[in-house]
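Enquirer: Okay, handing you the structure first.
The values are calculated or read from the model by the stated rules, or taken from the named source; none is laboratory data. None of these values were measured; they are calculated from a predicted model. Don't worry about glycine lacking a Cβ; one is built from the backbone with ideal geometry, like all the others, and counts go over all protein chains shown.
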C-alpha cells in the first residue's frame, strides 16, 4: 500500500531509556526494559509481539497512563515527569486519543452521544460539541448512523465510532490497542484504511497488534519479546 508523506519529521512522542517494573509480593517483574522510541507526525507505528511481550505497557507509557520506572516520556518536548496530575490529565485529553479492541462504547448511548463524551469532559459549548461530532462522524463515513445504538452496528461500524470518539478532540496522537482483533477481514481493512488516512492527514498513530497483516499499512514496525525491543524496521 502506498504510504502518505506529510513532509514533516516532527517528533510528537519520545521515550528515552523508559522502563516499567511492577512488584508482586517480593518479586520484581520487568514489564518493559529500557526503551528508546520516537513517534513522529504523519507516522503509523506498528508494535508487534506475543502476549506478555510488553506491547500494552509500551503503549500505556506513550499514552501517559503509566509512569516509567526509569527514564522519561516526552510529549511535544515536555517531560511528563514535570507535570502534576491535573496537567497530565489535560495533556491526555488534548493530545492523545485511545482506541481499544472491544470498542468500549457505552451501550445505552447512540453513536452521536458516545462521540460527545470527550468533548463534554472538556467543557465545550453545545454548539461546538454538535459541530465537532458531526465532523467526526462524516470523517469515518457514519453520519447516517448517528442515532444508532452500539448493538445496532456491525463490529466494523462500532470500531469506526470508537475512532471518531478518539479523534473528535483533534489529538495529535492516536493510540490503538488491538483495534482489529475483533473484526473480520473486510472490517479490518476498512478500519485500517481509516487509521492510515488519519496518519496521512498528519496524526501520529501507534498500533499494538499480533496481526502481521497490518504491516502493509505501517511506516515503522517495532517487534517486542519479553519486554525488549528485538527489532525495528522501516516499512517502504
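Enquirer: Return only the number of the condition from (1) at pLDDT below 90; (2) under 19 Å from residue 59 (Cβ atoms); (3) buried (at least 20 other Cβ atoms within 10 Å of the Cβ); (4) more than 15 Å from the chain's Cα centre (by Cα) that residue 229 does not satisfy.
Expert: Answer for residue 229: the failing condition is (1).
Residue by residue, here is whether (1) out of contact with any helix residue (DSSP H, G or I) (no Cβ under 9 Å at 6 or more places or on another chain); (2) under 26 Å from residue 209 (Cα atoms); (3) at pLDDT 95 or above holds:
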position	(1), (2), (3)
66	no, yes, no
73	no, yes, yes
82	yes, no, no
85	yes, no, no
93	no, yes, no
99	no, yes, no
121	no, no, no
124	no, no, no
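Enquirer: Hey, another quick one. Give me a count of the residues in the range 154-168 that are within 25 Å of residue 122 (Cβ to Cβ) and not in a helix (DSSP H, G or I).
Expert: Residues that pass the stated criteria total 1.
Enquirer: Separate question: Just checking: which of the helices (runs of 4 or more DSSP H) contained wholly in the range 19-131 hold 2 or more residues that are in contact with a strand residue (DSSP E or B) (Cβ under 6 Å, 6 or more places away or on another chain) and crowded, with 19+ Cβ neighbours inside 10 Å?
Expert: Once the helices (runs of 4 or more DSSP H) in the range 19-131 are filtered for at least 2 residues that are in contact with a strand residue (DSSP E or B) (Cβ under 6 Å, 6 or more places away or on another chain) and crowded, with 19+ Cβ neighbours inside 10 Å, what remains is 55-62.
Enquirer: Within the range 19-32, identify whether any single residue is on the phi > 0 side of the Ramachandran plot and modelled with pLDDT of 95 or more, and answer yes or no.
Expert: No, the range 19-32 has no match at all.
Enquirer: Sticking with this structure for a sec: Among (1) out of contact with any strand residue (DSSP E or B) (no Cβ under 7 Å at 6 or more places or on another chain); (2) modelled with pLDDT of 90 or more, where does residue 171 come up short?
Expert: It fails just one condition, (1).
Enquirer: Would you mind finding the one in 202, 141 that is outside any helix (DSSP H, G or I), more than 28 Å from residue 74 (Cα to Cα) and out of contact with any strand residue (DSSP E or B) (no Cβ under 8 Å at 6 or more places or on another chain)?
Expert: Result of the check over 202, 141: 141.
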